Amino acid sequence: MVKEEKLRSQIDDKYKWDLTAMYDGIDAFNLDYDKALKLIEEIKGFKGKLAKDANTLYKYLKKDDELSVILTNLYVYVSCKLDVDISNKESQKWYSKILNLYSLCDETLSFAMPELLKTNYDVIKSYVNENDDLKEYKIDLERIYRNQPYILSEKEEKLLSNISDLKNRFKKNFNIINNVLIDFGYIEDEDGNKVKLTNGNASKYARSGSIKVRKQVFEQRGLAYLKLANLISTDYEGSIKADSMISKARGFKSNINMYLFEDGVSTEIYDNLLKTAHDNIPVLHKYYKLKKDVLNLDNLYPYDLSAPLVKESKEKYYPDDARKIICDALSVYGDEYVKQLNLLFDEKCIDFYSSKGKKTGYYQNNSYKKIVVFCNYNDDFSSVSSLAHELGHAMHSYYSMKNNKEHLSNYSILVAEVASLTNEMLLSNYVVNNSKDKNLKLKAIENILEVFSDNFFGTLLLGSVFEKEVHEKICNDNVLGEEDFNSIYGNLIKEHNGMMVKESIYQKYNWSRIPHFYTPFYYYKYSIGAIVSCYVARKILSGDKEFLNKYLDFLKLGDRLMPLDELKTIGIDLTKQDAINEGIKYFDELVSKFKEIYNS
């Protein structure tokens with residue numbers, strides 16, 4: 001029997017998101033599109049007089065805000081339409097149209113920053129002091145002038161906007177390769193059914209209790225990426241070269257300096273995270289030893305690392321079941337949090353099930369009209385946990401938008417994973433403390449172990465080191481091809497796995513399937529989320545009401561503070577080792593806790 005992917009038309013509408021709150025039809029969409037074009041022209045009219053006086057500057061910033069809101073609404077709507085069917089030609093066309101609109105905006109308005117930054121910051125501060133309306137933008141202006149050493153002339157800024165547009169094209173290419181062109185073929189599942197393997201269902205079968213199924217998934221995905229690695233390597237190298245052109249033009253020492261600067265993070269903090277992960281590899285290997293022992297394997301192969309330590313419950317967790325358990329687990333946050341969680345379900349903000357052509361993975365996004373959550377839900381506990389993760393992002397967005405003006409309502413990616421991973425920690429702890437099912441308790445602990453292992457050790461020892469090395473090489477004018485990427489990643493895999501895991505020819509190709517690399521130096525931020533979420537979850541579960549209120553206030557900060565300063569409001573200082581060590585210690589304790597319950 002062959003199990004084909006469902007078409008989107010075969011998915012019940014109650015499990016699909018409703019995007020009409022953003023735009024109820026093409027006419028409304030086109031109206032905003034035309035409004036964006038008009039605003040671009042209006043803002044262009046400020047050229048040459050941007051900082052003439054306080055009132056003119058205020059009017060410019062308000063218009064720029066208005067444009068930013070509309071562009072975000074248009075982009076989120078179109079990307080949502082595309083992501084549920086990457087192969088849809090109409091959606092591809094509109095997505096390209098929005099990218100072109102962004103490019104037009106960047107090119108046409110590239111005069112603004114160079115012109116503004118010609119004005120002495122003391123003059124701008126005097127404008128803020130004399131104009132009460134302009135005080136709303138005090139933080140924005142501080143951040144703009146923080147970039148002053150790296151802003152170029154209007155002509156140069158136009159050129160860089162074209163390079164940025166090119167960089168976006170590389171990312172678009174990868175999305176098409178990874179979601180449309182790639183073909184994993186068919187596998188045979190545990191029941192002997194022939195199943196089409198896709199990015200949407202690969203994680204489900206990679207976690208199969210059957211070695212045969214896991215091995216099929218690993219090898220067929222590996223073979224598919226092997227075939228496309230040359231194409232992806234060319235695309236990825238192009239993306240890094242574009243970054244290198246931008247960072248050099250702006251006067252940054254390297255790509256990593258440019259991307260860390262945005263969040264106010266030093267290379268010392270980044271390198272310290274890498275070093276701490278490396279120094280604690282024995283703790284990770286203790287977890288791998290647990291896997292080998294519990295699975296009763298003579299040898300641990302790469303495809304065994306995703307194997308479940310305990311069997312997934314045959315009990316299905318349908319979306320309504322997920323809603324109840326998540327709301328119960330997160331009730332520690334209080335009534336408002338749970339009320340808003342329920343509204344996300346009631347208002348059809350969530351797109352649950354995979355279908356043919358749907359993009360892989362999970363994510364949360366939001367326009368200024370609607371919060372959306374994208375899933376490839378599999379009716380199992382792992383899916384419940386992934387949904388809780390994305391709902392953490394969604395609630396962070398809710399609090400941030402509710403408590404800030406639009407231009408300060410976005411939060412930094414550096415702190416984004418705190419809210420999501422804390423939710424997964426709280427969900428797992430809830431199950432351990434409330435379930436009578438030993439296997440489900442173990443599954444919940446396993447989930448935390450997997451979350452920390454992947455988000456701390458995996459992202460740092462593999463993705464983040466790889467990213468730093470390949471960017472450094474290309475910034476230094478080295479030419480990297482498929483074999484270079486494979487060699488660098490393959491060596492990191494060997495160090496990460498040590499003698500605990502048998503080698504495979506396919507592992508060195510894993511770099512080619514990671515979409516995060518097209519958002520440079522994003523990957524390491526998961527490790528910060530893993531560390532901080534351990535700290536936050538333990539403080540909340542201890543019953544510390546004062547800390548809970550501080551944490552809820554943290555979710556409301558939006559973009560009012562630099563991210564490292566935001567973390568300090570909940571007692572985290574990343575220049576010190578305390579929080580990092582506590583996270584690793586918690587992971588180590590949970591390995592022992594799992595063994596204790598497993599052997600009871």
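The values are calculated or read from the model by the stated rules, or taken from the named source; none is laboratory data. Note that the structure is a prediction, hence the values are computed from the model and not measured. When we count neighbours, we look across all protein chains shown, and the Cβ atoms used for this are built from the backbone with ideal geometry, even at glycine. Please note that ligands, DNA and RNA were not included when accessible areas were found on the heavy atoms of the full protein model with its side chains. Shrake-Rupley method; radii C 1.70, N 1.55, O 1.52, S 1.80 Å.
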Residue hits (segment 18-31; open to solvent by 20 Å² or more (accessible area, probe 1.4 Å), assigned to a helix (DSSP H, G or I) and either within 23 Å of K348 (Cβ to Cβ) or aliphatic (A, V, I, L, M) (or both)) are I26, D27, A28, L31
A112, sole failed condition from (1) surrounded by fewer than 17 Cβ atoms within 10 Å (Cβ to Cβ); (2) under 20 Å from I151 (Cα atoms); (3) among the small types (G, A, S) | (1)
Those residues of segment 222-233 which are open to solvent by 40 Å² or more (accessible area, probe 1.4 Å) and touching a helix residue (DSSP H, G or I) at 6+ places or on another chain (Cβ under 6 Å) amount to L226, N230
So Q92 fits all but one of (1) modelled with pLDDT under 90; (2) under 30 Å from T198 (Cα atoms); what number is the exception?
-> (1)
Can you name the residue in segment 421-447 that is among the hydrophobic types (A, V, I, L, M, F, W, C), under 17 Å from Y586 (Cα atoms) and open to solvent by less than 10 Å² (accessible area, probe 1.4 Å) and is also modelled with the lowest pLDDT among such residues?
-> A444
Residues of segment 519-542 that turn out to be open to solvent by 20 Å² or more (accessible area, probe 1.4 Å) and among the small types (G, A, S), as a count = 1
So is Q340 within 27 Å of I445 (Cβ to Cβ), modelled with pLDDT of 95 or more and not hydroxyl-bearing (S, T, Y) or not?
-> no
Find all pairs meeting these conditions: Cβ atoms under 6 angstrom apart; at least six residues apart or on different chains; first residue within segment 396-410 and among the aromatic types (F, W, Y); second residue not in a loop (DSSP other than H, G, I, E, B).
-> Y398/Q340; Y399/L555
Just name the residue that is surrounded by the fewest Cβ atoms within 10 Å (Cβ to Cβ) out of those in segment 148-168 that are of a type in the set (K, R) and without any contact (Cβ under 8 Å) to a residue 60 or more places away in the chain.
-> K155
Any idea which of (1) free of Cβ contacts under 8 Å to residues at least 24 places away in the same chain; (2) open to solvent by 70 Å² or more (accessible area, probe 1.4 Å) is the one S210 doesn't satisfy?
-> (2)
Spot the failing condition for A307; the list is (1) at pLDDT 95 or above; (2) open to solvent by less than 10 Å² (accessible area, probe 1.4 Å), and only one is missed.
-> (1)
Answer from Y102, Y95 - the residue that is closer than 24 Å to I163 by Cβ, hydroxyl-bearing (S, T, Y) and open to solvent by 40 Å² or more (accessible area, probe 1.4 Å) = Y102
Could you please let me know if S68 is out of contact with any Gly (no Cβ under 7 Å at 6 or more places or on another chain), open to solvent by less than 20 Å² (accessible area, probe 1.4 Å) and of a type in the set (S, T, N, Q)?
-> no
Give the residue, chosen from I176, I187, that is of a type in the set (V, I, T) and either open to solvent by 30 Å² or more (accessible area, probe 1.4 Å) or out of contact with any helix residue (DSSP H, G or I) (no Cβ under 7 Å at 6 or more places or on another chain) (or both).
-> I176
Looking only at segment 132-175, and only at residues there that are among the β-branched types (V, I, T) and either at pLDDT 90 or above or touching a Phe, Trp or Tyr at 6+ places or on another chain (Cβ under 6 Å) (or both), the one that is farthest from Y121 (Cα to Cα) = I163
Spot the failing condition for K545; the list is (1) buried (at least 18 other Cβ atoms within 10 Å of the Cβ); (2) among the basic types (K, R); (3) farther than 27 Å from I232 by Cβ, and only one is missed.
-> (1)
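Residue-by-condition table, conditions (1) closer than 30 Å to Y430 by Cα; (2) part of a helix (DSSP H, G or I):
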site: E450; (1), (2): yes, yes
site: S453; (1), (2): yes, yes
site: T459; (1), (2): yes, yes
site: S464; (1), (2): no, yes
site: H471; (1), (2): no, yes
site: I474; (1), (2): no, yes
site: L480; (1), (2): no, no
site: N486; (1), (2): no, yes
Looking at segment 127-147, which of its residues are among the polar types (S, T, N, Q) and open to solvent by 50 Å² or more (accessible area, probe 1.4 Å)?
-> N129, N147
Going by the conditions given, is A249 closer than 30 Å to I98 by Cα, of a type in the set (A, V, I, L, M, F, W, C) and more than 24 Å from the chain's Cα centre (by Cα)?
-> yes
Could you list, in sequence order, all residues of segment 38-62 that are assigned to a helix (DSSP H, G or I), open to solvent by less than 60 Å² (accessible area, probe 1.4 Å) and in contact (Cβ under 8 Å) with a residue 24 or more places away in the chain?
-> L39, I40, I43, A54, L57, Y58, Y60, L61
Give segment 395-420 a look and list any residue that's surrounded by 22 or more Cβ atoms within 10 Å (Cβ to Cβ) and small (G, A, S), or say none.
-> S397, A416, A419, S420
Of the numbered conditions (1) buried (at least 18 other Cβ atoms within 10 Å of the Cβ); (2) without any contact (Cβ under 8 Å) to a residue 24 or more places away in the chain, V338 satisfies every one except a single condition; which is it?
-> (1)
Checklist (1) under 30 Å from E154 (Cα atoms); (2) touching a residue at least 60 places away in the same chain (Cβ under 8 Å) applied to I281, failing item | (1)
Taking helices (runs of 4 or more DSSP H) that do not extend beyond segment 86-186, which have at least 1 residues that are basic (K, R) and over 21 Å from I43 (Cβ atoms)?
-> 89-108, 121-130, 138-146, 154-176
State whether one or more residues within segment 583-595 are among the aromatic types (F, W, Y) and under 30 Å from R143 (Cβ atoms).
-> no
Subset of segment 488-527 [within 13 Å of L460 (Cα to Cα) and not in a helix (DSSP H, G or I)] = F521, Y522, Y523, Y524
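Rundown of residues vs (1) free of Cβ contacts under 8 Å to residues at least 60 places away in the same chain; (2) crowded, with 17+ Cβ neighbours inside 10 Å; (3) basic (K, R); (4) under 30 Å from D565 (Cβ atoms), yes/no style:
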| position | (1), (2), (3), (4) |
| --- | --- |
| E237 | no, yes, no, no |
| R250 | no, yes, yes, yes |
| S254 | no, yes, no, yes |
| K289 | no, no, yes, no |
| L300 | no, yes, no, no |
